[in-house]
Amino acid sequence: MIHFRKGKKRLSTALCCGYTAETTTLNRTLVDCPGCRNLIQSQTAKKINRILTSGRKNLEKEMDALWAKRVKEKNGGKCVRCGALAVHAHHIFSRRHRSLRWDVRNGIGLCYHDHFYWVPSTTIEDKKEYIALIERVVGVKTLNLLDYIKKRTCKYSLPELDLMKKQLQV
């Protein structure tokens with residue numbers, strides 16, 4: 001679809017629309033076809049978008065790590081349920097709620113066992129115990145505030161994410 005020719009005069013045909021033109025320069029030249037030009041512009045836009053997206057993803061990963069560090073430090077590095085070493089930071093409300101993803105109030109430190117076996121447990125007793133623990137550790141008012149905040153729809157710009165990252169580093 002993108003047609004470059006190097007060297008002498010050469011007749012070149014664009015595959016997108018059948019446009020035919022001669023290229024005469026020694027440098028690489030693009031056949032002056034509107035379809036090819038649009039294709040190049042769309043590919044360039046995709047590359048730029050990919051670069052911006054990868055920058056955003058890297059920033060979000062850094063912020064996730066900073067958030068986890070801050071949450072684990074909150075309770076002295078101990079699991080809020082059993083007092084063992086907190087190796088996992090658990091989101092009270094899922095991290096898919098972008099408005100709460102990096103809010104330190106939305107996290108508790110848990111040990112490996114509690115994070116992977118106790119929290120996702122389906123027994124009614126475990127669910128009641130989990131809710132009671134969250135209310136005791138975080139507080140009912142804060143829990144209600146987090147529940148209100150999670151309903152907000154938001155998409156942060158890169159400067160906003162950078163500012164939030166600086167706040168997490170403090």
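For the subset of segment 118-134 comprising residues that are open to solvent by 40 Å² or more (accessible area, probe 1.4 Å) and hydrophobic (A, V, I, L, M, F, W, C), which member is nearest to I92 (Cα to Cα)? Filtering first and then ranking leaves I131. Among the residues of segment 68-91, the one identified as under 16 Å from Y130 (Cβ atoms), part of a strand (DSSP E or B) and open to solvent by 40 Å² or more (accessible area, probe 1.4 Å) is H88.
If only residues of segment 126-158 that are part of a loop (DSSP other than H, G, I, E, B) and of a type in the set (S, T, Y) are counted, the one that is farthest from M63 (Cα to Cα) is T153.
The set of residues from segment 92-102 being free of Cβ contacts under 8 Å to residues at least 60 places away in the same chain, within 20 Å of Q169 (Cβ to Cβ) and buried (at least 19 other Cβ atoms within 10 Å of the Cβ) comprises L100, R101.
Applying a threshold of 6 Å to beta carbon distances and a minimum spacing of six or more residues, or different chains, the list of pairs starting in segment 105-125 at a residue that is assigned to a helix (DSSP H, G or I) and ending at one that is of a type in the set (V, I, T) reads R105/T142; N106/I92; Y112/V87.
The values are calculated or read from the model by the stated rules, or taken from the named source; none is laboratory data. For clarity, every value in this text was computed on a predicted model and none was experimentally measured. All Cβ positions, even for glycine, are placed from backbone atoms using ideal geometry, and neighbour counts span all protein chains on display. Side chains included, ligands, DNA and RNA excluded: accessible areas come from the protein's heavy atoms. Shrake-Rupley method; radii C 1.70, N 1.55, O 1.52, S 1.80 Å.
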